[in-house]
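Colleague: If you scroll down you'll find the structure; I have some questions about it.
What follows is calculated from the coordinates using simple rules that are stated; it is not laboratory data. Predicted, not measured: the structure shown is a model, and the values here were computed from it. Note: ideal-geometry Cβ built from the backbone for every residue, glycine included; neighbour counts use all protein chains shown.
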Amino acid sequence: MRQEFSRKTMLEAWRLADGRCVSCQKKIRPGDGPEYDHRISCKKGGTNDLSNCDVLCRACHSKKTGGSDAKDHAKINREEKRAAKATRPKKKIPYRKFDGTPVWP
């Protein structure tokens, strides 16, 4: 499940990054707005603490989330669906006697 960073975590990450994107080192202007990214996504077990928070510009954030993150998340979703199907109980199907009456197992 996706989680958001606390305001305190975002402010501390901004201070540590010195107002720059950690990927391209471009200075992020107030109008552009920084974007806060999980280094290790929540789906992969990442947390919301400062050690897992990156300050990125919009361009770098969209590259990251649209690239490898999207592929990884799609794979995780497929595996979760597959696991859910495996644990689902099988349907009980009646069989019929020679005279045609159904018998439920």
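Colleague: Give the shape of the chain as rounded, prolate or oblate, defined through the alpha-carbon gyration tensor: a ≥ b ≥ c are the square roots of its eigenvalues, a/c under 1.5 means rounded, and otherwise the shape is prolate if a/b is larger than b/c and oblate if not.
Modeller: In terms of gyration-tensor shape, prolate.
Colleague: Of the chymotrypsin sites (Phe, Trp or Tyr not before Pro) in segment 7-105, which ones lie in a loop per DSSP and count no more than 12 other C-beta atoms within 10 Å? Can you show the working numbers first?
Modeller: Values: sites: TRP14, TYR36, TYR95, PHE98; in loops: PHE98.
When the chymotrypsin sites (Phe, Trp or Tyr not before Pro) of segment 7-105 are filtered for loop state and at most 12 Cβ neighbours within 10 Å, PHE98 remain.
Colleague: If the cut-off is a Cα-Cα distance under 25 Å, which lysines reach LYS8, setting aside same-chain residues fewer than 8 apart in sequence?
Modeller: LYS26, LYS27, LYS43, LYS44, LYS64
Colleague: Quick one: angle between helix 68-87 and the longest Cα principal axis of the chain, in degrees between 0 and 90, rounded to 10, please.
Modeller: 20
Colleague: At most 15 other Cβ atoms within 10 Å and a DSSP loop assignment: could you name the trypsin sites (Lys or Arg not before Pro) in segment 10-55 that fit?
Modeller: In loop regions of segment 10-55 (DSSP not H, G, I, E or B), the sparsely surrounded trypsin sites (Lys or Arg not before Pro) are LYS26, ARG39.
Colleague: In debye, nearest 20, what is the charge dipole magnitude of segment 7-103 about its Cα centre with +1 on Lys and Arg Cβ and -1 on Asp and Glu Cβ, if you could check?
Modeller: 680
Colleague: Expressed as a rounded percentage, what relative contact order does the chain have, with Cα pairs under 8 Å and six or more residues apart?
Modeller: About 22 percent, as a whole number.
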